[in-house]
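First up is the structure itself, then whatever we jot down about it.
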Amino acid sequence: MSDRESIAQPRQQHAQSVVSDLMLLGTVITPDGTLALLRQDGDVLRVTVGDTVNALTVTAIAEDAIYLALGGQQTVLHIPS
């Protein structure tokens, strides 16, 4: 392992641990676009594809899920049942 790798590794965050304080409340899909409603620390956030929340990039929004990426790792949040 090079010095560069050993320095960078502690800074890398895992997508799953970053998403732990987010809850998907719902999604809206219309001919004009899609959006998702997330709860974070009591606040409701409205996000669309390309937005960033908690260092995660929204890559896709489906009927019952939102896809998020961080450093090449993908994670999915589903609407709780």
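The values are calculated or read from the model by the stated rules, or taken from the named source; none is laboratory data. Everything numeric in this text was worked out from a predicted model, so none of it was measured. All Cβ positions, glycine included, derive from the backbone under ideal geometry; neighbour counts span all protein chains shown. The accessibility values were calculated without ligands, DNA or RNA, using every heavy atom of the protein model including side chains. Shrake-Rupley method; radii C 1.70, N 1.55, O 1.52, S 1.80 Å.
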>> Sort 68-78, 27-37 by packing, meaning the average of other beta carbons within 10 Å per residue, with the highest value first.
In response: 68-78, 27-37
> Is the shape of region 17-75 rounded, prolate or oblate, going by the alpha carbon gyration tensor and its root eigenvalues a ≥ b ≥ c, with a/c under 1.5 for rounded and a/b larger than b/c for prolate?
Replying inline: oblate
>> Skipping prolines and chain starts, which residues have an amide H placed within reach, meaning under 5 Å, of the one on ASP51, given they are 5 or more residues away or on another chain?
In response: VAL58
>> Please compute the length gained on full extension between SER20 and ALA69, using 0.36 nm multiplied by the number of residues separating them and subtracting their Cα-Cα distance.
In response: 16.3 nm
> Excluding ligands, DNA and RNA, what is the solvent-accessible area per residue of region 15-60 at a probe of 1.4 Å, expressed in Å²?
Replying inline: 56
>> Under a crude label model (7 Å from the Cα following the beta-carbon direction), how far is THR48 from ILE79 in nanometres?
In response: 2.0
>> Just to confirm a number: summing +1 for Lys and Arg and -1 for Asp and Glu over residues other than HIS78 whose beta-carbon lies under 12 angstrom from that of HIS78, what do you get?
In response: -2
